[in-house]
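Engineer: My structure is below; once you've seen it, I'll send some questions.
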Amino acid sequence: MDRREFIVTTLTVGGGFALALAFPGSQVEGAVNAAKIPDKPWESLVGNADTEINPWLVVAPDDTVTIRVAQSEMGQQTFTSWSKMICEELECDWSKVRAEYASVNRHFRENKVYRRMATNASGAVRISREYLQQAGASARERLMAAAAGEWGVPRSELAVKDGIITHTPTGRKLRYGQVAQKAAAIKLPAEPKIKTPDQFTLMNKPTPFLETPLRVDGSVMYGMDVRLPGMLYAAAKASPVFLGKVKKYDATAVKNRPGVHSVVEFGGQNIEAGVAVVADSYWHAKTALDLLPIEWDDGAHGEDTSEKFLRMAHAALDEPGAQVLVKKGDPEAALKGAAKVVEAVYDVPYLDHAFMEPMNCTAQVTANRVDVWVGTQRPEEALLDAARITGVPQDNVYIHNCFIGGGFGRRNQNDDVRQAVAIAKQLDRPVKVVWSREETMRHGYYRPMRVARFRAGLGPDGNPVAWINRVIGIDQNPPADMRWRISSSTFTCGRRMFLPEFGLRWAGRRTSFIWKVLWMNWPMRPGKTPTTTGARYSTATAISRARRPG
Amino acid sequence: MLSLRINGKTYSVDVERETPLLWVIRDTIGLTGTKYGCGMGLCGACTVHVNGKAVRACSQPVSQAAGKDVTTIEGLSPNAQHPLQIAWREGDVPECGYCQPGQIMAAAALLAKNSKPGDADITREVTNLCRCGTYPRIRQAIHRAAELAAKS
């Protein structure tokens, strides 16, 4: 349609303007509002008449294809990428594709049918592409076999495009929706081969994200947006010092505040001890929690501060005894002979993931069933944790994954889930536990602090002849009891970004310090001088460059 | 009891006068498109319009909105056809999307008073945070929306 036909209405409201423009029937906009993803992402779009071809995909009588997404969506557009990886092989009509979360509960009941639901390690595409293509190809071949059976012709005489199967010699046609039920019962003698990248026709083309329409009108629900009948709200405060304990608190001080339902203590295995106020709204819960007198036992870590760790790390730059992890040539000698020596020390602090959606989790615990609504990167562990904490059998635990307002690895931990389940266990109604922004920051799983010194010797032509690098990380202070708290992300970062054997050394050590040192002579190649400047990621960048052979 | 007009509908709400508008919109009325991000008016995820002006609802007592017209992302346009929403879809602006309702509402207030904002205007007026870093696409989409609105 012509853009000039746009209807413009301007609503005058009070002293200002709200500009409201309507663009009816715009071409680009065709069917943007059709439900491609449920706005409550944990709900299913699949109807009774639809046929599941395999756990990854369902075909409706009208040829609509529903893809089951077994990765969490936190901004990577996983619903789109998973749909494309499957439909690349399925050869269905892309405009009729929609997507929904796979069931975590089913995943466990059916022997981990979705293979890997943990959404981390940048793996949603990288790790799953081949088996998703396989699922799509397999479904396609079963649909084709069903059509071939219907006509009594060999598979080789059939072609398919956009979900329409054609018997090439006669021109007869069948749609996927017409053969889905038969296809579901077919077993293939052998799995079909999947396409190689040069054969892609869908994955190699940009397509609008399935997720976007839900995100521009406020309709999609994040964990924070979950609302259930009879739901209570809880504001939680965990020990401000890692692994501290609740000494005492005075519930009577807040129990008459408006809307307050109860005050609940929580703790247990891998749950930072703390107290939550439960009320009829988050605001009532939060304002009461702010007034609740709580005394903490800080435990062993009461004196630990980031500043102290940073000072210790800087001091360690010159201490002897650092482990040599890589050494190539004789960098010290080369440094001595260099025309010029440049030195720089960088430090990076502990960093919170600082996503936009504060931590939250909604849970309902009854004697024989647990339901958890949460945006989590590890729904499998969330289910196992909820089962363990409540004693309810795994088969009766349901994780309803939500859209996630930023994960960045932080939402791998499920500490929000464990805490919420521990709180919900004490209530007879569903409860949404919300951490304030302050609480979310205070109880992050931080990117580890690092101090690194770079020394480079430059030759007469200005190119480096030696590079000596010492990296200090304080990952554990002191022993393994902080491992689950600070160090899980440290471990991953260390192993991935620094050196492969890092994990082994770290796990075996019980000192406060982890020493990592990298020595090497940079190979003299014009145009390949490494960039070691830039503050925040210089250490990791420099080292990953250095480790590249040649 | 306070009377609130949100997206053209009148609501009677039984809340304390100092309750932030955000929590009345989200918990009492149940419109969850307006997000909680920081609770201190810093991130802008809770941006709504009060009488057409962009307001950070987490830091605004509900009593100050009584008797005024409040617009949330759900009420920005019928069928999500505001030029900004169209431009947002065209450009696939959001990543995780959590901040985007606030971004759109801040941009809508800007467009309402300045139909062709320059980069400097956007920088000054749309100060919402986005952890995914969609800022360049947000900026492009605002320019595109201004263009769409001008052509209409």
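The values are calculated or read from the model by the stated rules, or taken from the named source; none is laboratory data. What you see is a predicted model, and the numbers here were worked out from it, not measured in a lab. Positions of Cβ are backbone-derived with ideal geometry, glycine not excepted, and every protein chain shown enters the neighbour counts.
Engineer: Output the strands (runs of 3 or more DSSP E) that fall wholly within segment A:401-482 and possess 2 or more residues being modelled with pLDDT under 90 and not hydrophobic (A, V, I, L, M, F, W, C), or say none.
Structural biologist: A:450-458, A:464-473
Engineer: Here is a further query. Can you confirm whether segment A:162-182 contains a residue that is in contact with a Gly (Cβ under 7 Å, 6 or more places away or on another chain) and not charged (D, E, K, R)?
Structural biologist: Looking for residues that are in contact with a Gly (Cβ under 7 Å, 6 or more places away or on another chain) and not charged (D, E, K, R), one finds at least one in segment A:162-182, hence yes.
Engineer: I would also like to ask the following. Would you list the helices (runs of 4 or more DSSP H) that sit entirely within segment A:106-197 and hold 3 or more residues that are free of Cβ contacts under 8 Å to residues at least 24 places away in the same chain?
Structural biologist: Working: elements: A:123-126, A:129-151, A:176-184.
Counting at least 3 such residues, we get A:129-151.
Engineer: Determine whether A:Arg429 is under 26 Å from B:Gln100 (Cα atoms), over 19 Å from the mean Cα position of the chain (by Cα) and surrounded by fewer than 19 Cβ atoms within 10 Å (Cβ to Cβ).
Structural biologist: Numbers: under 26 Å from B:Gln100 (Cα atoms): no; over 19 Å from the mean Cα position of the chain (by Cα): yes; surrounded by fewer than 19 Cβ atoms within 10 Å (Cβ to Cβ): yes.
Taking the combined requirement at face value, the residue does not satisfy it.
Engineer: Something else about it: Taking the stated definitions as given, is A:Lys308 more than 14 Å from chain B (Cβ to nearest Cβ) and assigned to a helix (DSSP H, G or I)? Please lay out each step first, then the result.
Structural biologist: On the way: more than 14 Å from chain B (Cβ to nearest Cβ): yes; assigned to a helix (DSSP H, G or I): yes.
The answer is yes for A:Lys308.
Engineer: Does A:Val277 fit the bill of being closer than 24 Å to B:Asp14 by Cβ, without any contact (Cβ under 8 Å) to a residue 40 or more places away in the chain, more than 14 Å from chain B (Cβ to nearest Cβ) and outside any helix (DSSP H, G or I)? Break it down stepwise before answering.
Structural biologist: Values: closer than 24 Å to B:Asp14 by Cβ: yes; without any contact (Cβ under 8 Å) to a residue 40 or more places away in the chain: no; more than 14 Å from chain B (Cβ to nearest Cβ): yes; outside any helix (DSSP H, G or I): yes.
In short, no.
Engineer: I've got another one for you. Of all the residues that make up segment A:356-375, how many are in contact (Cβ under 8 Å) with a residue 60 or more places away in the chain and within 14 Å of chain B (Cβ to nearest Cβ)?
Structural biologist: 7
Engineer: Of the numbered conditions (1) among the charged types (D, E, K, R); (2) surrounded by fewer than 21 Cβ atoms within 10 Å (Cβ to Cβ); (3) in contact (Cβ under 8 Å) with a residue 24 or more places away in the chain; (4) not assigned by TED's automatic domain parsing to the domain that holds B:Lys116, B:Lys35 fails exactly one; give the number of that condition.
Structural biologist: Looking at each condition in turn, B:Lys35 falls short on (2).
Engineer: Oh, and also: Condition first: touching a Ser or Thr at 6+ places or on another chain (Cβ under 7 Å) and in a loop (DSSP other than H, G, I, E, B). Now tell me which residues in segment B:1-17 satisfy that.
Structural biologist: Scanning segment B:1-17 gives B:Met1, B:Asn7, B:Val15, B:Arg17.
Engineer: Separate question: Name the pairs whose Cβ atoms lie under 6 Å apart, with the first residue in segment A:380-400 and closer than 13 Å to A:Asn270 by Cβ, the second crowded, with 19+ Cβ neighbours inside 10 Å and among the hydroxyl-bearing types (Ser, Thr, Tyr), and 6 or more positions between them or separate chains?
Structural biologist: Listed pairs, sorted by first residue: A:Ala382/A:Thr376.
Engineer: Does at least one position in segment A:34-44 carry a residue that is away from chain B (no Cβ under 13 Å), modelled with pLDDT of 95 or more and over 29 Å from A:Asn412 (Cβ atoms)?
Structural biologist: The answer is no, given that none of the residues of segment A:34-44 is away from chain B (no Cβ under 13 Å), modelled with pLDDT of 95 or more and over 29 Å from A:Asn412 (Cβ atoms).
Engineer: Now, a different point. Please return the ranges of strands (runs of 3 or more DSSP E) entirely within segment B:35-136 where 3 or more residues are within 10 Å of chain A (Cβ to nearest Cβ). Can you show your working first?
Structural biologist: Working: elements: B:47-50, B:53-56, B:69-71.
Those strands (runs of 3 or more DSSP E) span B:69-71.
Conditions tested, residue by residue: (1) within 20 Å of A:Ala35 (Cβ to Cβ); (2) charged (D, E, K, R).
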residue: A:Ala99; (1), (2): yes, no
residue: A:Ser122; (1), (2): no, no
residue: A:Arg129; (1), (2): no, yes
residue: A:Ser138; (1), (2): no, no
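Engineer: So which residues in segment A:338-348 are surrounded by 15 or more Cβ atoms within 10 Å (Cβ to Cβ) and outside any strand (DSSP E or B)? Explain how you work it out, then say what you get.
Structural biologist: The first filter runs over segment A:338-348 and keeps only residues surrounded by 15 or more Cβ atoms within 10 Å (Cβ to Cβ), leaving A:338, A:346-348.
Result: A:Ala338, single match.
Engineer: Mind checking whether some residue in segment A:324-336 is of a type in the set (Val, Ile, Thr), free of Cβ contacts under 8 Å to residues at least 12 places away in the same chain and farther than 30 Å from A:Val226 by Cβ?
Structural biologist: To start, the set of residues in segment A:324-336 that are of a type in the set (Val, Ile, Thr) comprises A:324, A:326.
Cutting the leftovers down to free of Cβ contacts under 8 Å to residues at least 12 places away in the same chain gives us none.
Within segment A:324-336, none of the residues are of a type in the set (Val, Ile, Thr), free of Cβ contacts under 8 Å to residues at least 12 places away in the same chain and farther than 30 Å from A:Val226 by Cβ.
Engineer: Next question, about the same structure. Is there a residue in segment A:47-55 that is surrounded by 23 or more Cβ atoms within 10 Å (Cβ to Cβ) and either of a type outside the set (A, V, I, L, M) or within 14 Å of chain B (Cβ to nearest Cβ) (or both)?
Structural biologist: Here is the first cut: in segment A:47-55, the residues surrounded by 23 or more Cβ atoms within 10 Å (Cβ to Cβ) are A:53.
So of that shortlist, the ones also either of a type outside the set (A, V, I, L, M) or within 14 Å of chain B (Cβ to nearest Cβ) (or both) come out as none.
No, segment A:47-55 has no match at all.
Engineer: Among what's in segment B:52-93 and is more than 24 Å from B:Val15 (Cα to Cα) and hydrophobic (A, V, I, L, M, F, W, C), pick the residue that is surrounded by the fewest Cβ atoms within 10 Å (Cβ to Cβ). Give the derivation first.
Structural biologist: Just the residues of segment B:52-93 that are more than 24 Å from B:Val15 (Cα to Cα), to begin with: B:76-93.
With hydrophobic (A, V, I, L, M, F, W, C) added as a condition, the list becomes B:76, B:80, B:84, B:86-88, B:93.
Working: B:Leu76: 27, B:Ala80: 23, B:Leu84: 31, B:Ile86: 25, B:Ala87: 25, B:Trp88: 30, B:Val93: 29.
This residue is B:Ala80.
Engineer: Check off (1) touching a helix residue (DSSP H, G or I) at 6+ places or on another chain (Cβ under 6 Å); (2) within 20 Å of A:Val431 (Cβ to Cβ); (3) surrounded by fewer than 20 Cβ atoms within 10 Å (Cβ to Cβ) for A:Val372 and give me the number that stays unchecked.
Structural biologist: Among (1) touching a helix residue (DSSP H, G or I) at 6+ places or on another chain (Cβ under 6 Å); (2) within 20 Å of A:Val431 (Cβ to Cβ); (3) surrounded by fewer than 20 Cβ atoms within 10 Å (Cβ to Cβ), the lone unmet condition for A:Val372 is (3).
Engineer: For segment A:234-255, state whether one or more residues are surrounded by 14 or more Cβ atoms within 10 Å (Cβ to Cβ), within 14 Å of chain B (Cβ to nearest Cβ), within 30 Å of B:Ile73 (Cβ to Cβ) and in contact (Cβ under 8 Å) with a residue 40 or more places away in the chain.
Structural biologist: So far as segment A:234-255 goes, yes, one or more of its residues are surrounded by 14 or more Cβ atoms within 10 Å (Cβ to Cβ), within 14 Å of chain B (Cβ to nearest Cβ), within 30 Å of B:Ile73 (Cβ to Cβ) and in contact (Cβ under 8 Å) with a residue 40 or more places away in the chain.
Engineer: Next question, about the same structure. I'm told A:Met231 meets every condition in (1) touching a Ser or Thr at 6+ places or on another chain (Cβ under 9 Å); (2) away from every other protein chain (no Cβ under 11 Å); (3) of a type outside the set (Ser, Thr, Tyr) except one. Can you identify the failing condition by its number?
Structural biologist: (2)
Engineer: Name the pairs: first residue in segment A:202-222 and within 8 Å of another protein chain (Cβ to nearest Cβ), second residue polar (S, T, N, Q), Cβ to Cβ under 6 Å, at least 6 apart or on different chains?
Structural biologist: Going by the 6 Å Cβ cut-off, the qualifying pairs are A:Phe209/A:Gln77; A:Phe209/A:Thr80; A:Glu211/A:Gln77; A:Arg215/B:Gln100; A:Val216/B:Gln85.
Engineer: So for segment A:352-369 (the condition being crowded, with 18+ Cβ neighbours inside 10 Å, β-branched (Val, Ile, Thr) and touching a helix residue (DSSP H, G or I) at 6+ places or on another chain (Cβ under 8 Å)), does at least one residue qualify?
Structural biologist: First, the residues of segment A:352-369 that are crowded, with 18+ Cβ neighbours inside 10 Å: A:353, A:355-365.
From what is left, the residues that are β-branched (Val, Ile, Thr) are A:362, A:365.
Filter again for touching a helix residue (DSSP H, G or I) at 6+ places or on another chain (Cβ under 8 Å), leaving A:362, A:365.
Yes: one or more hits.
Engineer: Being of a type in the set (Val, Ile, Thr), away from every other protein chain (no Cβ under 14 Å) and touching a Gly at 6+ places or on another chain (Cβ under 9 Å), is that true of even one residue in segment A:287-299? Talk me through it step by step, then tell me what you get.
Structural biologist: Within segment A:287-299, the first condition is being of a type in the set (Val, Ile, Thr), and the residues that meet it are A:287, A:294.
Next, only the ones that are away from every other protein chain (no Cβ under 14 Å) stay: A:294.
Going one step further and asking which of them are touching a Gly at 6+ places or on another chain (Cβ under 9 Å), we end up with A:294.
Yes.
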